[in-house]
Amino acid sequence: MADFAIRALCLVKNEADIIAHSLSEARRWADYIYVFDNGSTDNTWEKVLAIGDDHIIPWKREDKPFQESLRAELFQAFRSTARDGDWWCQLDADEFYNIQSPRTFLAELPPHVQAVSSIYVQYYITSEDLAEIDFARPVEQVLPRLRHYRADHCEPKFFRHRDRLVWDVNQGRPRHMGVMARRQILLRHYQYRSPQQIQRRLDTRLQARQRGFPGWGWEHATENWEDKIAQPNAGLHCDNGNGNCIVEPGIATRHLEPLPRRLLKRVMHGLKIWP
């Protein structure tokens, strides 16, 4: 059995429809999940508090302008609980690692690897889904019926703990996160789950942009949920339930740095010049 703990940093806002299901699923592989509610106005925070799992730790609820670096506050609050070799995961409420187990994946990595990128298998609601799915049902019944996806994005999601690691509260990720694994782990991403939730998502992100967050401009080319409904034949693939996903060309290697940079990291981290 792998001798490490997985510690998830979960930053949430207005995810009441999915948060209980998400945290329950994440507990299958995460030892601890630390939750920071960024000022939800639905009952997300109340649902987190009601879970009653000692390994799901509600840290605080604070309505402050969104920045990716808010996760650094979570890390600073709980870093003393970790030991060298543990893994941290930047986890969002709409992400599910139910294609590949993070615990198995991380246990198979060589010791010099310190970071892992995830490929997003992003699911969409199609015009056919609108006619066939009752979106008033619990989200755990709705998600398996969303079959159309596109895997065209990846980003770093896991990093190995070191006591000397620095994560500045003004940065979205730790400094010198480490040598990136060549392999990536797949996650299912349900950013769109019902018409009502899509509109709430758009409204929440629009508010964040109005408060100064520079990201998500791509999502607000429109602000109406109807414009986020996809056509099944619009470059999407159909999930046939066997766990195999079609990844768009170039995504499997997009996370890898040029070889000289990769070798430099191996040397600097190996000599402990970098953490």
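The values are calculated or read from the model by the stated rules, or taken from the named source; none is laboratory data. Everything numeric in this text was worked out from a predicted model, so none of it was measured. Cβ sites come from the backbone with ideal geometry, for glycine too, and all protein chains shown count toward neighbours.
Out of GLN184, GLN231, GLN191, one residue alone is surrounded by 12 or more Cβ atoms within 10 Å (Cβ to Cβ), modelled with pLDDT of 95 or more and under 24 Å from GLU128 (Cβ atoms). It is GLN191. When residues in the range 13-36 are screened for being buried (at least 20 other Cβ atoms within 10 Å of the Cβ) and touching a Ser or Thr at 6+ places or on another chain (Cβ under 6 Å), 5 of them pass. Taking the range 156-172 as the range and being assigned to a loop (DSSP other than H, G, I, E, B), modelled with pLDDT of 95 or more and under 19 Å from the mean Cα position of the chain (by Cα) as the test, the residues that pass are HIS161, TRP167.
If you go through the range 130-149 and keep only what is in contact (Cβ under 8 Å) with a residue 40 or more places away in the chain and assigned to a helix (DSSP H, G or I), you end up with LEU130, VAL139, GLU140, VAL142, LEU143. Taken as a whole, the structure places ALA5 among residues that are closer than 22 Å to THR104 by Cβ, surrounded by fewer than 21 Cβ atoms within 10 Å (Cβ to Cβ), of a type in the set (Gly, Ala, Ser) and in contact (Cβ under 8 Å) with a residue 24 or more places away in the chain. Counting the residues of the range 40-62 that are among the acidic types (Asp, Glu) and farther than 20 Å from GLN197 by Cα gives 3.
Evaluating HIS176 against the criteria (1) within 20 Å of PRO110 (Cα to Cα); (2) within 19 Å of the chain's Cα centre (by Cα) leaves one unmet condition, (2). Do we have ARG200 as modelled with pLDDT under 95, within 26 Å of ASP134 (Cβ to Cβ) and either more than 25 Å from the chain's Cα centre (by Cα) or part of a helix (DSSP H, G or I) (or both) here? So ARG200 fits the description; yes. Of the candidates ASP86, ASP152, ASP92, ASP53, the single residue that is more than 20 Å from the chain's Cα centre (by Cα) and touching a residue at least 24 places away in the same chain (Cβ under 8 Å) is ASP53. Yes or no: the range 130-145 includes at least one residue that is surrounded by fewer than 20 Cβ atoms within 10 Å (Cβ to Cβ), aromatic (Phe, Trp, Tyr) and more than 27 Å from PRO65 (Cα to Cα). Yes, the conditions are met somewhere in the range 130-145.
Hey, can you tell me all the residues within the range 188-201 that are free of Cβ contacts under 8 Å to residues at least 60 places away in the same chain and either touching a strand residue (DSSP E or B) at 6+ places or on another chain (Cβ under 8 Å) or under 30 Å from PRO102 (Cα atoms) (or both)? If the condition is that a residue be free of Cβ contacts under 8 Å to residues at least 60 places away in the same chain and either touching a strand residue (DSSP E or B) at 6+ places or on another chain (Cβ under 8 Å) or under 30 Å from PRO102 (Cα atoms) (or both), then no residue fits. Considering only the range 104-125, I want to know if a residue exists there that is more than 20 Å from ALA5 (Cα to Cα), crowded, with 21+ Cβ neighbours inside 10 Å, in contact (Cβ under 8 Å) with a residue 24 or more places away in the chain and more than 19 Å from the chain's Cα centre (by Cα). Yes, the conditions are met somewhere in the range 104-125.
Residues of the range 227-267 that are in a helix (DSSP H, G or I) and in contact (Cβ under 8 Å) with a residue 24 or more places away in the chain: LYS228, ILE251, ALA252, ARG254, ARG262, LYS265, ARG266. Determine whether ASP152 is acidic (Asp, Glu), touching a helix residue (DSSP H, G or I) at 6+ places or on another chain (Cβ under 8 Å) and surrounded by fewer than 20 Cβ atoms within 10 Å (Cβ to Cβ). Yes, satisfied.
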